[in-house]
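The values are calculated or read from the model by the stated rules, or taken from the named source; none is laboratory data. Quantities reported herein were computed from a predicted structural model and do not represent experimental measurements. Here Cβ is always computed from backbone atoms with ideal geometry, including for glycine, and neighbour counts include all displayed protein chains. We work out accessible area using only protein heavy atoms, side chains counted, and drop any ligands, DNA or RNA first. Shrake-Rupley method; radii C 1.70, N 1.55, O 1.52, S 1.80 Å.
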Amino acid sequence: MTVRVGVIGVGVMGAEHARLLTREVAGSEVSAVFDIDADRAAEVAASCDARVLDDPMVLIKDGDVDCVIIASSDATHEHFVLAAVAAGKPVLCEKPLAPETEACGRIMAAEAAAGRQLVGVGFMRRFDPGYLDLRAQARSEDLGALLMLHCVHRNESAVGVPSSVLITGSAVHELDIARWLLADEPESVTVHTPRATSRGGGTQDPMLLVLRTVAGALVDIEVFVNAGYGYEVRCELVAEGGTVLLDTPAETVRRAGNTVGRAVGHDWRGRFGDAYRRELQQWVDALRTGGPSPLASAWDGYVATATAQAAVRSLETGSTQPVVLVDKPGFYR
Ligand code: ISE
């Protein structure tokens, strides 16, 4: 059985998902695409021999679409996820699940009412071999209590993005992966703002987020989206019995011109290309076998959004903000 995927939004991420599903993921094909830019939709559809549908709601209900990937603008996510749930279609929604917690709550209620695990969120670092190794070591007895995570998240260039997007669009990955690595929940968050780079077009960039967890661990996250030199993500776990650093992976280290170095790419598709492929392959495999979804759940998406919203409040107020969560619905326990 080939899993026929409909893709809504074929910008950078949607087009990459379409490419991976067509060329690198076994057992899947792209059946239809939609984008508000008809030319872009036609170009991506032609590259994967898919149909272009000019109405995303028609795409979701289409009889030749088994599941849906939503990679459209953040504000549209709730609408399309709810439509997929109503149609009984499994859906992978790119982060964030929705920009507001209330919308995430409506999605969780709809999924629970449907009584089926349909919604997944595209926190692809959970499939990255490096982060999987880091989590395995975090679970090992010899490291003891987990005390801190030091995170660095640097983009090459994102001039003029709203300051809050550094949190909701970038640091949100660390806010999710910290829970996953530490098996712990967020308690409060503080955003610190150093002098901003002159290369950010007026954005408060970089920022330093400090998350305190319920168990008392601290997670510091440097997010710097106009770092200039390339795209780099690092994460160091500090525990009672030692530390583990997930550094920039490199097949080679170059020594030349009085310099020793490793290459870093221009954006996340290089560093996390394998993670995206593994995320899609494991999702497709689960759909083919009827197994449980391997994706981050709607609850995970809700917690990430709640924490990101608290961080935005801290950015706006200059004070530490609590992360207040609703009781975890029974459907997700
Ligand atoms: C982008 O939207 C992503 O999701 C990438 O994973 C992240 O690293 C980048 O900072 C975001 O802009």
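Annotations for the structure displayed:
- Note on residue 199 and residue 285: with the Förster distance fixed at 41 Å, the Cβ-Cβ geometry gives a FRET efficiency of about 0.45.
- Look at the Cα gyration tensor of the stretch 46-182: its axes a ≥ b ≥ c give a/c of at least 1.5 with a/b over b/c, and that counts as prolate.
- Whether the stretch 27-73 is rounded, prolate or oblate, judged on the alpha carbon gyration tensor where a/c under 1.5 counts as rounded: oblate
- Exposure ranking of 34, 123 by accessible area [1.4 Å probe, largest first]: 34, 123
- Applied to the stretch 149-158, the Karplus parametrisation 6.51 cos²θ - 1.76 cosθ + 1.60 on θ = phi - 60° returns per-residue 3J(HN,Hα) values of 10, 9, 10, 10, 9, 10, 9, 5, 7, 8 Hz, with x for Gly and Pro.
- Sequentially through the stretch 72-77, phi angles give Karplus couplings (6.51, -1.76, 1.60; θ = phi - 60°) of 8, 5, 3, 5, 8, 4 Hz, Gly and Pro residues having no value and appearing as x.
- Pairwise centroid distance, computed over Cα atoms, of the stretch 120-148 with the stretch 222-258, Å: 16 Å
- Per-residue accessible area (protein heavy atoms, 1.4 Å probe) orders 185, 24, 141, 16 as 141, 24, 185, 16, starting from the largest.
- For residue 246, distant residues with modelled amide H under 5 Å away: 235, 236, 237
- For residue 1, the solvent-accessible surface computed with a 1.4 Å probe is close to 140 Å², ligands and nucleic acids excluded.
- Fully extending the segment from residue 332 to residue 24 would add 107.8 nm, taking 0.36 nm per residue of separation and subtracting the current Cα-Cα distance.
- Amide H within-cut-off set for residue 66, under 5 Å, with H built and near neighbours excluded: 4, 5, 6
- The calculated 222 nm mean residue ellipticity attributable to helices in the chain amounts to -10500 deg cm²/dmol, summing -39500 (n - 2.57) over DSSP H runs of n ≥ 4 and dividing by all residues.
- Rounded to whole numbers, the Karplus 3J(HN,Hα) couplings from phi for the stretch 83-99 are 5, 5, 4, 4, 8, x, 9, x, 9, 9, 9, 4, 5, x, 4, 6, x Hz, using 6.51 cos²θ - 1.76 cosθ + 1.60 with θ = phi - 60°, and x at Gly and Pro.
- Here the spin labels are modelled as points 7 Å beyond Cα on the Cα-Cβ line, and at residue 64 and residue 319 they lie 5.8 nm apart.
- Gyration tensor verdict on the stretch 123-269 (Cα atoms; rounded if a/c is under 1.5, prolate if a/b is larger than b/c, oblate otherwise): oblate
- The calculated FRET efficiency for residue 192 paired with residue 274, based on their beta-carbon distance and R0 = 35 Å, is about 0.60.
- At the residue level, residue 269 shows approximately 90 square angstrom of accessible surface with a 1.4 angstrom probe and all protein chains present.
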